[in-house]
1. Please determine, by comparing only the residues of region 25-82 that are more than 14 Å from the chain's Cα centre (by Cα) and of a type in the set (Phe, Trp, Tyr), which one is surrounded by the fewest Cβ atoms within 10 Å (Cβ to Cβ).
2. Working carefully through the options Tyr66, Tyr70, find the one that is in contact with a helix residue (DSSP H, G or I) (Cβ under 8 Å, 6 or more places away or on another chain) and farther than 19 Å from Arg135 by Cα.
3. With region 33-147 as the region, which helices (runs of 4 or more DSSP H) entirely inside it contain at least 1 residues that are over 25 Å from Arg12 (Cβ atoms) and free of Cβ contacts under 8 Å to residues at least 60 places away in the same chain?
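Please treat every number below as a calculation from the coordinates, not as lab data. Nothing here was measured: the structure is a model prediction, and the numbers come from that model. Don't worry about glycine lacking a Cβ; one is built from the backbone with ideal geometry, like all the others, and counts go over all protein chains shown.
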Amino acid sequence: MSRADRAEELFRQGYNCSQSVFAAFADAAGMTTEEAARIASPFGAGFGKMREVCGAVSGMTLLAGYLRGYSDAGDYEGKKALYALMQKMCMEFEERMGSLICRELLGLQKGEDLGEPAVRTEEYYQSRPCIRACRTAAEIAEKYLAG
């Protein structure tokens, strides 16, 4: 099963977009699906349903930090390399999806749709770009981080 397939499977199980992408790589990060899902949980629906940065992008970003991040505050070269990688990954996501912003992907206005999480039905999956966003982020993460 590809990482994109795993991300879609997790999203269809009810995990949010960030959890789905990050947890699709849980084994690569040396953690369980449950641990990865917990770490990524607040980033779903554009930061807790605020519809800001797409949760799939956040999951991809968490993974990049975990696998390629730096921990030495003085590591200028590490910071420079990570930021260049993130810019490349995010630009590819934006080119493929049209935006990095959840509300723009969903066609919402700022502050719209801040209520309860949606009930997942087949119509839900068909009417939103979320599965495609999860698959896209997982494909990009696999392309840039798997090697």
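1. Tyr76
2. Residue meeting the stated conditions: Tyr70.
3. Qualifying helices (runs of 4 or more DSSP H): 55-68, 76-97.
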